[in-house]
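> Got a structure for you, questions after.
Bear in mind that the values in this text are calculations on the coordinates, not laboratory data. Keep in mind that this is a model prediction, so the values were computed, not measured. Cβ coordinates were reconstructed from backbone atoms using ideal geometry, including for glycine residues, and neighbour counts include every protein chain displayed.
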Amino acid sequence: MHVTNTLAIMLGAIIIAALILDQVANAGTATMFVLRKTFDLVEYVSFWR
C-alpha cells in the first residue's frame, strides 16, 4: 500500500487535531500517558532483543 501525499496530509492533520484537542480538554494528560506507555513498550521490547 502506497501512502499518497493527500493521505499523509490527512493523517497528519488528524494527529495534530487530536493533540490540540487533548491539550485543550485534558491539559495534555492523554498525550503524556501514551508517550510514557510507548517508552515502556520500547524498553520491554529492547529487553527481549
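> Between Met10 and Lys37, what is 0.36 nm times their sequence separation minus the Cα-Cα distance? Round to one decimal in nm.
Numbers: separation 27, 0.36 × 27 = 9.72 nm, distance 2.53 nm.
Between Met10 and Lys37, full extension yields an extra 7.2 nm.
> Something else now. Which peptide among 26-33, 4-11, 42-49 comes first, and what is the full order, when sorted by highest mean count of other Cβ atoms within 10 Å?
Numbers: 26-33: 12.4, 4-11: 9.6, 42-49: 7.6.
Ranking the peptides 26-33, 4-11, 42-49 by packing returns 26-33, 4-11, 42-49.
> Mean residue ellipticity at 222 nm from the helices of the chain, using -39,500 (n - 2.57) per DSSP H segment of n ≥ 4 over the full residue count, to the nearest 500 deg cm²/dmol?
On the way: 2 runs with 41 residues, N = 49.
Helix contribution divided over all residues of the chain: -29000 deg cm²/dmol.
> Compute the Kirkwood hydrodynamic radius of the chain, taking the inverse of the mean of 1/r over all pairs of distinct Cα atoms, and give it in Å to one decimal.
Numbers: mean 1/r = 0.0779 Å⁻¹.
About 12.8 Å for the chain.
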